[in-house]
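Shown below is the structure under consideration.
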Amino acid sequence: MNEAPVLVVTGGARGIGAAICRLAAASGYAVCFSYRQEERAAELLVDELTSEGRRAAAFRGDVAEPDAVRALFEHAEATLGPVAALVNNAGITGRIGSFRDAEIASLRRVLEINVLGPMLCAREAVVRWQERGYPGRMVNISSIAATLGAPNEYVHYAASKAAVEAFTIGLARETAASGIRINAVAPGTVYTDIHAAAGEPNRPARVVARIPMGRIGQPDEIANAVLWLLSEQASYVTGAIVRVSGGL
């Protein structure tokens, strides 16, 4: 391998994904992240990381498209080296509201990005790792919504994240004998742009009272859990769902 292990992060241009990229780079990874629309944010993040002497690359593509996923991994390996780890972070909620009012197109897109996307990326990574005999590491980003259900907000999103957790457990057990470790982090409410994208920028202020710790999480707090799961400190951890949710 090259001088640093290569980490692929989907949806890495902003929010939790960008926090993961920054912490991973500071921890010694070369980072390749994907994005769909946030080209300027992606450019700025690559500039930030490379100006600090890190190795970083960005790739524009849709994780729900098999060809784009394959191209993401090929881009990462061509520019940085063999992929050692994967964080499936890309995700969307759809609009906040009652499930009965959810549009079919929105339901389909949430499932494509949140469920099919991680599956396609995971398959691409596992095939490469097993062909090389490499003990890769993967972290899937779930949500506390998977267990709370998110009633009157986005139960379809909650269902998609429950699928991610089931997938994580099953694939972890399937690949454990290959030395591959696969885990998930389930964040609670975190200060990111996802709330504005769902149609309620001030959602954190509305829900903070229900959080036992009495505050909203920060992207760096999620990134810390992800990097721990990727590290050798978590060498005997696979198939785990780690809640980082302030007590929910």
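The values are calculated or read from the model by the stated rules, or taken from the named source; none is laboratory data. Given the structure is predicted, the values throughout are model-derived calculations rather than measurements. Quick reminder, even Gly has a Cβ in these numbers, built from the backbone with ideal geometry, and neighbours come from all protein chains shown.
Hey, among the residues in the range 151-183 that are in contact with a Lys or Arg (Cβ under 9 Å, 6 or more places away or on another chain) and within 22 Å of residue 215 (Cα to Cα), which one's surrounded by the fewest Cβ atoms within 10 Å (Cβ to Cβ)?
For the range 151-183, the residue satisfying everything is 153.
Taking residue 222 as the residue in question, decide whether it is hydrophobic (A, V, I, L, M, F, W, C) and modelled with pLDDT of 95 or more.
Judged against the criteria, residue 222 is a match.
Would you be able to say whether some residue in the range 175-187 is within 17 Å of the chain's Cα centre (by Cα), assigned to a loop (DSSP other than H, G, I, E, B) and under 21 Å from residue 140 (Cα atoms)?
Looking through the range 175-187, none of the residues is within 17 Å of the chain's Cα centre (by Cα), assigned to a loop (DSSP other than H, G, I, E, B) and under 21 Å from residue 140 (Cα atoms).
Quick one: how many residues across the range 103-132 are touching a helix residue (DSSP H, G or I) at 6+ places or on another chain (Cβ under 6 Å) and not in a helix (DSSP H, G or I)?
The qualifying residues number 0.
Let me ask something additional. Is there a residue being in contact with a Lys or Arg (Cβ under 6 Å, 6 or more places away or on another chain) and within 19 Å of residue 24 (Cα to Cα) anywhere in the range 184-193?
Looking for residues that are in contact with a Lys or Arg (Cβ under 6 Å, 6 or more places away or on another chain) and within 19 Å of residue 24 (Cα to Cα), one finds at least one in the range 184-193, hence yes.
Condition check ((1) at pLDDT 95 or above; (2) outside any strand (DSSP E or B)) across all residues:
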position	(1), (2)
37	no, yes
74	yes, yes
81	yes, yes
85	yes, no
91	yes, yes
95	no, yes
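Can you tell me how many residues within the range 66-83 are in contact (Cβ under 8 Å) with a residue 60 or more places away in the chain and more than 17 Å from the chain's Cα centre (by Cα)?
Qualifying residue count, the range 66-83: 4.
Quick check on residue 136: is it over 22 Å from residue 182 (Cα atoms), surrounded by 18 or more Cβ atoms within 10 Å (Cβ to Cβ), touching a Leu at 6+ places or on another chain (Cβ under 9 Å) and not aromatic (Phe, Trp, Tyr)?
In short, no.
Please go through the range 1-26 and give me each residue that is in contact with a strand residue (DSSP E or B) (Cβ under 8 Å, 6 or more places away or on another chain), surrounded by fewer than 24 Cβ atoms within 10 Å (Cβ to Cβ) and either of a type in the set (Phe, Trp, Tyr) or part of a helix (DSSP H, G or I) (or both), ordered by number.
Listed by number, the residues that qualify are 15, 25.
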